[in-house]
1. Given C-alpha coordinates of the range B:2-204, what is the ratio Rg to Rh with the Kirkwood estimate of Rh?
2. Can you order the peptides A:177-187, B:255-265 by their average number of other Cβ atoms within 10 Å per residue, highest first?
3. Provide a whole-number value for the mean count of partner chain Cβ atoms within 10 Å of the Cβ atoms in peptide A:53-61.
4. Between residue B:128 and residue A:206, what's the calculated FRET efficiency when r is the beta-carbon distance and R0 is 41 Å? Round to 0.05.
5. With a point put 7 Å past each Cα toward its Cβ, work out how far residue B:231 is from residue B:116 in nm, to one decimal.
6. Just from the alpha-carbon atoms, what are the Rg and Dmax of chain A in angstroms?
7. How large is log10 of I(q)/I(0) for the range B:219-287 at q = 0.14, 0.15, 0.19 Å⁻¹ when the intensity is taken from the Debye formula with one equal scatterer per alpha-carbon?
8. Would you mind estimating how fast the range B:11-58 diffuses translationally, via Stokes-Einstein at 25 °C and 0.890 mPa s with the Kirkwood radius over Cα pairs, in µm²/s?
């Protein structure tokens with residue numbers, strides 16, 4: 001597993017895609033739907049990483065190594081999770097700067113703890129749809145990535161819409177006196193992210209094991 | 001000692017069926033795995049490694065059940081499937097740096113020795129290697145992790161005659177000390193005349209024969225006769241071709257009838273393959 005992870009970062013994933021994390025700088029835009037800053041990860045990085053993998057014969061190479069097939073899936077999912085976390089850490093830094101720059105907040109959801117809770121859920125939604133669909137063939141990237149992307153975008157759009165339409169929700173998600181609720185959303189987001197990834201791994205590994213390569 | 005034992009391997013696809021494939025490869029020998037394109041060579045090799053799920057059958061490597069000891073046994077297997085075409089844009093050194101971490105028995109000194117011997121420059125990108133060099137690189141990796149069983153899928157196809165000859169000599173060198181075995185698939189029968197000790201012949205998913213090269217050739221005879229002889233001998237022939245003077249056909253040596261005016265001679269491997277393939281084609285026509 002350790003060796004496969006090394007392979008992911010040494011051979012399979014072009015370091016260029018870590019730079020997508022820097023697009024979190026878009027969080028510095030005032031009054032903006034900040035989820036978009038986090039979406040570039042699955043707009044750019046995921047389709048490219050998987051398409052490159054296909055072109056470079058990554059899967060046929062990996063399964064030849066003395067490893068279990070499910071570890072090939074596990075290492076790839078783990079490496080994507082690592083890049084997602086990198087993206088969120090970078091976003092966290094820019095969110096801090098945002099809170100200093102715009103003390104009055106924005107009309108949409110501010111990049112606070114609750115925002116990051118929803119961001120974790122957005123990535124969870126993407127992962128739990130994309131990975132099991134992709135590993136059904138371990139070849140077709142297009143439809144799985146588009147479907148996962150659409151559902152994740154719809155999720156973020158629903159959150160933002162509710163924030164705009166229901167002022168009480170915005171108050172609870174942003175006002176300092178409700179920090180407990182906001183931290184609760186973050187915690188729930190992390191828990192959902194962990195569970196969704198575990199489910200995504202289990203389902204993907206099971207489907208990949210069944211494939212004739 | 002059995003290096004590789006395949007027993008009753010079955011795999012059914014919609015239009016193709018691998019039927020009861022069984023053969024054994026002893027330690028210290030080279031086995032050529034021949035058959036036409038689509039006969040089931042690659043499917044068999046992939047099933048051995050568990051990349052294709054067989055419907056039934058058993059694989060054992062060095063006396064151990066492969067399915068139960070997959071991780072440990074894969075450490076001892078060197079492989080090459082359809083050329084080294086992974087990570088074409090990467091340098092050999094980068095690929096090696098990844099591969100070596102997977103093998104407990106990796107020997108860097110041996111790796112350097114092989115690079116030198118095969119004249120490989122590890123700063124080259126995979127895509128810059130010729131087909132012959134790609135095979136040598138795959139062998140270098142296998143030798144460096146002390147593989148004992150080499151599974152090579154068509155290592156000689158695409159090579160020029162000089163590179164092919166060189167590679168076949170190398171195969172013989174590899175098994176000289178008796179610790180390694182090579183199973184390589186090919187459809188180029190002259191490869192086998194040069195270096196195979198055993199030949200396993202697969203046709204349309206079924207093993208026709210798995211014998212020493214000499215025994216396989218002794219099993220068959222090419223018979224030539226006049227047109228009027230054909231009717232009598234036809235049921236015994238595997239298949240035949242008619243021409244203006246009469247016919248030429250392949251027959252099992254045991255089925256050779258006495259008292260006929262026939263010329264019977266030893267076939268080449270190519271002839272054995274061609275006449276078996278013709279039989280399959282004739283059968284299919286008959287069904288239609």
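Taken together, the values in this text are just the output of simple stated rules run on the coordinates, not laboratory data. All values reported here derive from a predicted model rather than from experimental measurement. Cβ sites come from the backbone with ideal geometry, for glycine too, and all protein chains shown count toward neighbours.
1. We get a ratio of 0.95 for the range B:2-204.
2. A:177-187, B:255-265
3. Mean partner-chain Cβ count within 10 Å for A:53-61: 4.
4. 0.55
5. A separation of 7.3 nm, rounded to one decimal place.
6. 18.1, 57
7. The Cα Debye sum returns log10 ratios of -0.38, -0.43, -0.70.
8. Working: Rh = 11.9 Å.
D, rounded to a whole number, is 207 µm²/s.
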